[in-house]
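Scroll down for the structure; my scribbles are underneath it.
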Amino acid sequence: MDLTRRNFVAAAAASPFILSATGALANMANGPVLKVAVIGCGGRGTGAMFNAISAGKTSGCTIEVIALADLFPDRANNANQALAENGMKAVPADRVFTGFDAYKKACATDCDFVILATPPGFRSIHFKEATAKGKHVFCEKPVAVDGPGVRRFLEAAAVSRSKKLKVVAGTQRRHETCYIDSVGRIAKGDIGRVVAGRVYWNMGSLWNVAPDATKSEVENQVRNWLYHTWLSGDHIVEQHVHQLDVMQWVMGGHPELVRGVGGRQVRTDTTLFGNINDHFGLEFQFPGDRFVFSMCRQQDGTDGKVEEMFIGTDGVARMQSGFAELTGAKPWKFSGKQVDPYTQEHIDLQNAIIKDIALNEAEQVAHSTLCAIMGRMSAYSGKDVTWEQALNDNEVLMPEVVEFGARPQAPVAMPGKTRV
Ligand SMILES: NC(=O)c1ccc[n+]([C@@H]2O[C@H](COP(=O)([O-])OP(=O)(O)OC[C@H]3O[C@@H](n4cnc5c(N)ncnc54)[C@H](O)[C@@H]3O)[C@@H](O)[C@H]2O)c1
């Protein structure tokens, strides 16, 4: 793939049609064609596919979905049907891949970029394959569920950087104008030295899929993946990673240590809710005696709050999706316009690919993921956990090879007994 601005413009000058480096004929009127393969065709994979297509209108390229890959045929077919129902060309049957090796087949196509949107446990394996095959990546968060997965992802991130591949992560606040503006102001010193923060994702329950006795334990757990730590990392990793990402962005790096509590009081039925917790409360310690308190819960009937707040020596910053304000020495409230961040992240990725702009968020999202994993480790075990401990941890939750069959459910964590 070498669809740089330079050779695109040179080719465009020579002919009204250009042949992209991947061999696709692109009509100048519609800009270059970028071919995409979607790996993990569920809610987000399908959503990201349409976000990418609509982002093309702004970035000036035509997005062609050339392959769909999912573990299950029903999910891949749903995504294909959604394409057809929205007036787009359906993917031919010989490019709809299913099974545990579907990602390999998708990465072996002549796509320019892949969308990775399976349950998080598989991500580092899929990302490694995509970078090995030289693909640009839109990579949903989180990117791993355990230390070995984060290390695998980081190794692949280094490969992707050395190949100058573009990687955008699904931590969409990084592409949301109100966040970009407010974090920029904080970095300039508008609230003074940031000494503390509070970050929350508190909400009710999410979907679940009851086990089907005719299916294997692995299939049942993958279909109900939110509730199994080997697949989702627990909700602190799967969901609260967004706030922990903002925390690391504002604090200018990763925490040294975390001390946390957590448990399950409401979702106690292991048949429906696997082994994950329904609440966490954590204190992250940063260099220079700075602290961020983090809370996340999924319990019906409780107050919701999805927000990040940072306290500086001269003021306070508060951010939510679509909202940001600073109070104190330099008060400010976001009043600008912003594009839906789920579309903006694809506009940014496509611009980076077409114009050969350096953009690689792989390491950043791996660090945010590790931050969430260390929080989970502390709450599960009841021990203080350092960044290095989490990064070098050798507990493998997600094996490199998974097959359908038996997989006894992992136990619910018990502080004082669960190991770090
Ligand atoms: N950025 C955001 O705001 C946001 C929002 C929702 C979800 N997500 C993330 O997107 C990812 C997917 O979430 P979702 O809500 O779409 O879940 P989903 O269950 O709707 O979709 C996951 C899909 O992956 C498929 N799959 C499972 N294992 C696979 C494998 N080994 N190979 C290929 N396909 C496999 C499943 O069959 C399913 O179709 C998760 O990481 C989630 O955290 C991000």
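Descriptive notes on the structure:
- Test: residue in the range 71-86 that is modelled with pLDDT of 95 or more, surrounded by 21 or more Cβ atoms within 10 Å (Cβ to Cβ) and either of a type in the set (G, A, S) or farther than 30 Å from L226 by Cα (or both): yes
- Condition met for P148 (under 17 Å from the mean Cα position of the chain (by Cα) and within 23 Å of F404 (Cα to Cα)): no
- Subset of the range 131-149 (residues that are buried (at least 24 other Cβ atoms within 10 Å of the Cβ) and either free of Cβ contacts under 8 Å to residues at least 24 places away in the same chain or away from the ligand (no atom under 14 Å from the Cβ) (or both)): T131, K135, H136, D146
- Qualifying positions in the range 44-54 - within 15 Å of the ligand (Cβ to nearest atom) and under 17 Å from G31 (Cα atoms): A52
- Test: residue in the range 88-100 that is more than 9 Å from the ligand (Cβ to nearest atom), in a helix (DSSP H, G or I) and without any contact (Cβ under 8 Å) to a residue 24 or more places away in the chain: yes
- Residue count for the range 222-244, restricted to those that are more than 10 Å from the ligand (Cβ to nearest atom) and not in a loop (DSSP other than H, G, I, E, B): 6
- For the range 63-87, the set of residues classified as farther than 24 Å from G31 by Cβ and away from the ligand (no atom under 15 Å from the Cβ) consists of E85 only.
- Consider the range 47-75 and keep the residues that are among the hydrophobic types (A, V, I, L, M, F, W, C) and part of a strand (DSSP E or B). The one that is nearest to Q221 (Cα to Cα) is A69.
- Selection from the range 157-213 of residues that are of a type in the set (K, R), assigned to a loop (DSSP other than H, G, I, E, B) and not assigned by TED's automatic domain parsing to the domain that holds G253: K163, K164, K166
- Any hit, the range 374-381, residues being part of a loop (DSSP other than H, G, I, E, B), on the phi < 0 side of the Ramachandran plot and in contact (Cβ under 8 Å) with a residue 40 or more places away in the chain: no
- Screening C111 on (1) more than 8 Å from the ligand (Cβ to nearest atom); (2) in a helix (DSSP H, G or I) shows it passes everything except condition (2).
- Condition check for V306: β-branched (V, I, T), farther than 21 Å from L397 by Cβ, within 16 Å of the ligand (Cβ to nearest atom) and not in a helix (DSSP H, G or I): yes
- Scanning the range 317-332 for residues that are in a strand (DSSP E or B) and either out of contact with any Phe, Trp or Tyr (no Cβ under 7 Å at 6 or more places or on another chain) or of a type in the set (D, E) (or both) yields R318, Q320, E325, T327, G328, W332.
- Qualifying residue in the range 295-307 (condition: within 25 Å of the chain's Cα centre (by Cα), of a type in the set (S, T, Y) and surrounded by 14 or more Cβ atoms within 10 Å (Cβ to Cβ)): no
The values are calculated or read from the model by the stated rules, or taken from the named source; none is laboratory data. Computed from a predicted structure; not experimentally measured. Note: ideal-geometry Cβ built from the backbone for every residue, glycine included; neighbour counts use all protein chains shown.
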